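Please read the structure below before turning to the comments.
The values are calculated or read from the model by the stated rules, or taken from the named source; none is laboratory data. Model, not experiment: these values are computed from the prediction. FYI the Cβ positions are ideal-geometry reconstructions off the backbone, even for glycines, and counts take in every protein chain you see.
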Amino acid sequence: MSDTDPRSRRVVVPGVRWLRFPRRLETEYRDYQCREAVEGFRVNAFYILLLYVLLITGIYALAPEAVRGRWLATYTWVGVIVLVAGGLAQVSALNRYFPWYAGLGSFLAVAVSMAIPGFINGPVAVQLAHVSVIYALVIVYAMVGLRFPVAVAACWGGGLLGWWLSERFGQGVDWQMTHRTYTGVNLLGMFLCYTSEVRDRLLFFNQRQLLRQQQRTQALAERLHRLSREDSLTGLANRRSFDEALDREWRRCQRDKQTLTLMLVDVDCFKAYNDHYGHLQGDRCLQQLSNELRRHGRRGGDVVARFGGEEFVMLYPGIGDTEAQQLAARVCRSVRALALPHSQNPGTDEVTVSIGVAVLVPTPNQTPRALLDAADRALYQAKQSGRDTWRLYEPPPKVRLVKDDKGL
């Protein structure tokens, strides 16, 4: 079969023709079908009751007066069954039992309808009674919402019970009339119910496949979005994500007149580390450092990101000078506590970091770049001070020129 043949693109749905999916899928379908059937029956119960009232009124008017009382007394039980089943359908806690009480109600309704012709006399009355059998079968197959096996069991089983009651306690069944009504309508109902369930199963399967495809697409989109904002090595926010966060927090702190703290964290002598231990070990070192730095950024607006290479950046809205210095000191200590070996780090054999800290209140005449530049200058001072330390950026004092008029 060629690839262009439309038949080659058909999706084979397992178990649809036999009304039986694989076990796990079948369980999902039955739960789905039960929910849909209950929702439909809550509405259909009203119309079924209305049809019952119209049927009983019409037959009562047409039936011979001699059999009206007996027929009405017997057929009233069908109305009771409809009322009980409709009432149970309104109770959400009983939804999972719908196939049981709806199936049992259908079974009894068909049994009563099938038995009635055996307890009344007269050809007209018997013909009218068989009309009620047709109504009962049509309603069970088309309006109750039972699955095909349950509907078939209810209609054929109820018919057999009705036949037994008629033979045992009544005057028996007119088989010629029964085959024209009960048997014929039953076979037609089975066909319609079967095709309806096949269509329902295909709809369920297609909806499930569509939902799974949507979930996969959404998960892929979320993963791509996350990858576009995360550093692939460390899992921290990447430069793009940090720039967006800095711009957002800058505007917010400017509006609220709050301080904004930025810390640039640089791994000391990391090029020598890579040359000595290798780039693979260097990546492991950066991962361990990033996990440690992440512990120092747990508030809502805090951002810890990889700035590039061996450099990290930490953003803290609403933190002043004193708290920023304490935080920088804690970061230095926590990195030393990791005790990562670094034989190429002068003065120590462990991995250390240098930190540049900048704190300011954003103003309209400044840009976020001013905060980055200030932290970078502070980092340079920390490196010049021997590394494994931090420095807080202090702006140079303003010089005011005063004109000397003495001697004029």
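Could you list, in sequence order, the residues of segment 1-40 that are at pLDDT 75 or above and hydroxyl-bearing (S, T, Y)?
If we filter segment 1-40 for residues that are at pLDDT 75 or above, which is where we start, we get 13-40.
Correct list: T27, Y29, Y32.
When residues of segment 304-327 are filtered for being surrounded by 15 or more Cβ atoms within 10 Å (Cβ to Cβ), of a type outside the set (S, T, Y) and under 42 Å from the mean Cα position of the chain (by Cα), how many remain?
Residues that pass the stated criteria total 15.
Could you list, in sequence order, the residues of segment 333-351 that are of a type outside the set (A, V, I, L, M, F, W, C) and buried (at least 19 other Cβ atoms within 10 Å of the Cβ)? Working first, answer last.
Going residue by residue through segment 333-351, those that are of a type outside the set (A, V, I, L, M, F, W, C) are 333-334, 336, 341-350.
Correct list: H342, N345.
Give me the residue from segment 379-391 that is in contact with a Lys or Arg (Cβ under 7 Å, 6 or more places away or on another chain) and part of a helix (DSSP H, G or I) and, out of that set, farthest from E310 (Cα to Cα).
Once the filter is applied, the top-ranked residue is Q381.
For the structure I just gave you, tell me whether W156 is aromatic (F, W, Y) and under 19 Å from R70 (Cβ atoms).
Taking the combined requirement at face value, the residue does not satisfy it.
Could you count how many residues in segment 269-291 are buried (at least 17 other Cβ atoms within 10 Å of the Cβ) and closer than 14 Å to F312 by Cα?
So the count comes out to 5.
Can you tell me how many residues within segment 84-106 are part of a helix (DSSP H, G or I), farther than 18 Å from Y141 by Cα, within 27 Å of the chain's Cα centre (by Cα) and not charged (D, E, K, R)? Outline the logic, then answer.
Going through segment 84-106, the residues part of a helix (DSSP H, G or I) turn out to be 84-89, 92-106.
With farther than 18 Å from Y141 by Cα added as a condition, the list becomes 84, 87-88, 92-97.
Add one more test, that the residue is within 27 Å of the chain's Cα centre (by Cα), and what stays is 92-97.
From what is left, the residues that are not charged (D, E, K, R) are 92-95, 97.
Selection size over segment 84-106: 5.
If I filter segment 250-268 down to residues being outside any helix (DSSP H, G or I) and among the polar types (S, T, N, Q), which single residue comes out as farthest from I319 (Cα to Cα)?
If we take residues in segment 250-268 being outside any helix (DSSP H, G or I) and among the polar types (S, T, N, Q), then Q258 is farthest from I319 (Cα to Cα).
Evaluate segment 111-134: report whether one residue or more is outside any loop (DSSP other than H, G, I, E, B), over 36 Å from the mean Cα position of the chain (by Cα), surrounded by fewer than 20 Cβ atoms within 10 Å (Cβ to Cβ) and touching a residue at least 60 places away in the same chain (Cβ under 8 Å).
Yes; the residues of segment 111-134 include at least one that is outside any loop (DSSP other than H, G, I, E, B), over 36 Å from the mean Cα position of the chain (by Cα), surrounded by fewer than 20 Cβ atoms within 10 Å (Cβ to Cβ) and touching a residue at least 60 places away in the same chain (Cβ under 8 Å).
Evaluate the following for A142: is it under 17 Å from V43 (Cα atoms), among the aliphatic types (A, V, I, L, M), in the same structural domain as D31 (by TED's automatic domain parsing) and surrounded by fewer than 19 Cβ atoms within 10 Å (Cβ to Cβ)? Quick ask: steps written out before the conclusion?
On the way: under 17 Å from V43 (Cα atoms): yes; among the aliphatic types (A, V, I, L, M): yes; in the same structural domain as D31 (by TED's automatic domain parsing): yes; surrounded by fewer than 19 Cβ atoms within 10 Å (Cβ to Cβ): yes.
Yes.
Any chance you could count how many residues in segment 173-193 are under 16 Å from S132 (Cα atoms), of a type in the set (A, V, I, L, M) and assigned to a helix (DSSP H, G or I)?
Here the count works out to 2.
Could you say whether any residue in segment 227-249 is over 30 Å from D321 (Cα atoms), out of contact with any helix residue (DSSP H, G or I) (no Cβ under 9 Å at 6 or more places or on another chain) and in a helix (DSSP H, G or I)?
Among the residues of segment 227-249, at least one is over 30 Å from D321 (Cα atoms), out of contact with any helix residue (DSSP H, G or I) (no Cβ under 9 Å at 6 or more places or on another chain) and in a helix (DSSP H, G or I), which makes the answer yes.
Has segment 162-171 got any residue that is surrounded by fewer than 15 Cβ atoms within 10 Å (Cβ to Cβ), part of a loop (DSSP other than H, G, I, E, B) and touching a residue at least 40 places away in the same chain (Cβ under 8 Å)?
Yes, there is a match, as at least one residue in segment 162-171 is surrounded by fewer than 15 Cβ atoms within 10 Å (Cβ to Cβ), part of a loop (DSSP other than H, G, I, E, B) and touching a residue at least 40 places away in the same chain (Cβ under 8 Å).
Of the conditions (1) closer than 17 Å to A245 by Cβ; (2) buried (at least 21 other Cβ atoms within 10 Å of the Cβ), I355 fails just one. Which one is it?
Unmet condition: (1).
Among the residues of segment 252-272, are any over 29 Å from R330 (Cβ atoms), modelled with pLDDT under 95 and assigned by TED's automatic domain parsing to the domain that holds A329? I'd like the intermediate steps shown before the answer.
Residues of segment 252-272 that are over 29 Å from R330 (Cβ atoms), as a first pass: 255.
When the remaining residues are screened for being modelled with pLDDT under 95, the result is 255.
Still in the list and also assigned by TED's automatic domain parsing to the domain that holds A329: 255.
The answer is yes, given that some residue of segment 252-272 is over 29 Å from R330 (Cβ atoms), modelled with pLDDT under 95 and assigned by TED's automatic domain parsing to the domain that holds A329.
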